[in-house]
Structure formats: structure tokens, C-alpha cells
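Each remark here refers to the structure printed beneath this line.
The values are calculated or read from the model by the stated rules, or taken from the named source; none is laboratory data. Note that the structure is predicted; figures quoted are calculated from it, not measured. Neighbour counts run over all protein chains shown; Cβ positions are idealised from the backbone, glycine included. Ligands, DNA and RNA are stripped out before the accessible areas are found, and what is left, the full protein with its side chains, is counted by its heavy atoms. Shrake-Rupley method; radii C 1.70, N 1.55, O 1.52, S 1.80 Å.
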Amino acid sequence: MSKIAKAVGLIAMLGAATAANAASLQIVPDGDRNREVTGDPGGSVYPWPGGPGPGAGVPWRSPDGGWPNGPGMAPDPSFPPNLGTSGFHSSYLFLTDDAWVTFQFMGAGDSSQRNNFYLDWNYDGDYDDKGEHLFVDDNGDGTGTPPCPVTPAGATAPSCDKPHPPFDFPEANQYSFYLRAGAIPFAYLTGDGVWLENDGTGNGNPDPFRDLPGYFLGCDPYEATTTFQTECKHTAYAGLTDRPDPGDHDFQDMGVRISVPEPGSLALLGLGLFGVGFARRRRV
């Protein structure tokens, strides 16, 4: 068998293995009663050019503008006729297989609190090691994490301009970590000191109109094929509401986009590594 034929065979096997082992994100809600829609922009601004400020937030759409419509958007009964990302409050996010997971800061709207987002990437349970405090709301003073740009108008994903590395906390607005299958170990800490953890029990109250903070989870409305999906293709949005009541129920107080690589991108990475190795072998 020629070297070219062998290479083609290896590439085909790599693609098949990549597709079979691709990780995805799964939302586990407490039943349909926890359905939620992020139709209230909550001070977020779309498109967002980058820099300090409210950011583009979790995708929403109003008659006056906002994000483009998508298959995963639904009408928000609390803010008609607005549309928003469909998902669930009092829910939890799981990773189906070990994978690289990327976290992107989408902004904090008009929140008046200095909210925070953490990731226990080393699984030691304490969230206080170096590099586990990912994002912080600037609370209007310009000292926090700058939201990822979402531009031009019509864009359906951010283009984060301050990835880690080379940027570090609090300037970095994008991080990637290799995580284990299971509940993704992230947590919110509100400016009032309320801790909300993605551990299966620590996300607010099943009744969103009780005066308790909580976070929303929804599949990317542009990757979804229908509303209120629990099996996300590659991307989910998490959105905090730091003081939920009928006057503060937008889940835009700290938005984070969470994603895993698409199978095609993993295959291309493997193909690139294979090509480098093949070229080196030819030079020897």
C-alpha cells in the first residue's frame, strides 16, 4: 500500500473516531415547570464592539433590534413581544465526555452588583486556587472583565479579543480548560455574597419569582433545531439573575457562553498534526 493510501486511511479513521467521541453539553432541568426565556435585554447592548460596559448578553430580540432570530428562540411571556434564548432556570449543565471546554464572558447588562464567575478546573472543591476566578463584573467602574465583542450586526457568536493566555484575570474574557465528563464545576458568586454552584443542588429555587438568585441555562439558539432543547450541539449559555423578582428577572446580570469543539474542528486539528508528522518523516 502506498504512503498516500495509508495517509488517507489514517485520516478517515481519525475522522470517524473524532465523530464518535465528540463531547456535547446537556442541560438537566427540574421538569418543564422550569422553562425560561431571556427576552428582557436587561441593559445588554447588541451589537457590542468590545471594551468595558454591559456587553451583548445572552441572545435576545425585541421589535426594535437585538440579536438575530434563531430556531432556539421563543417568545418571552414576561416581556411580550420580545424573543429570547429558550432554556431553564434551576437547572444544571453536564459534559458528556472528557473535552476541552471554552468559557466566554458576554457581559453583565445593567447589574448593580459586582458578580463573579468561578471554575474549579482542578476538581479540588475549593474554587480559590490561582486561575479559578475567571470573570468579574466591573459594576460600572471599568475595572472588571471586558465583555467579548459581538459584531457586526447579524453576528451570532462572539469574537473574544482578550483570550487567556496571554491575558489574565480580570482582563481575559475567554478561557479554555480540559474537563472531565459530568457536571461542569462552575459557580457564580453574587455581589451580595450568594453562592450558586453547578452541583445538582445549588442553583437557586424552583420558583423563579421567589426572592432568591439563580442562573439560567439554554442551548445556543443558532445551533438548536427547536426551542427548550436539553441536548446542546456544542454551545450553551449561562445567565445569572442576582436579585430575581418581577422587577429583576432578565438572567443578564452575568452571561457566560460555554462551548466544546465541533467534531470537524477536532478532525482538522488531528489532520494538521498528522500532516506535520508526515512532512517531518519525508525530510528525514
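Computed quantities for the displayed model
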{"quantity": "Nearest-0.05 FRET efficiency for Asp199 and Asn139, computed from C-beta distance (R0 41 Å)", "calculated": "0.95"}
{"quantity": "Per principal axis, descending, Cα span of the range 77-180 in whole Å", "calculated": "45, 35, 27"}
{"quantity": "Simple spin-label estimate for Phe169 and Asp64 in nanometres, 7 Å along Cα-Cβ", "calculated": "3.6"}
{"quantity": "Per residue, in Å², the accessible surface of the range 79-118 once ligands and nucleic acids are set aside, probe 1.4 Å", "calculated": "30"}
{"quantity": "Alpha-carbon radius of gyration plus Dmax, which is the widest Cα pair, for the range 49-91 in Å", "calculated": "11.7, 32"}
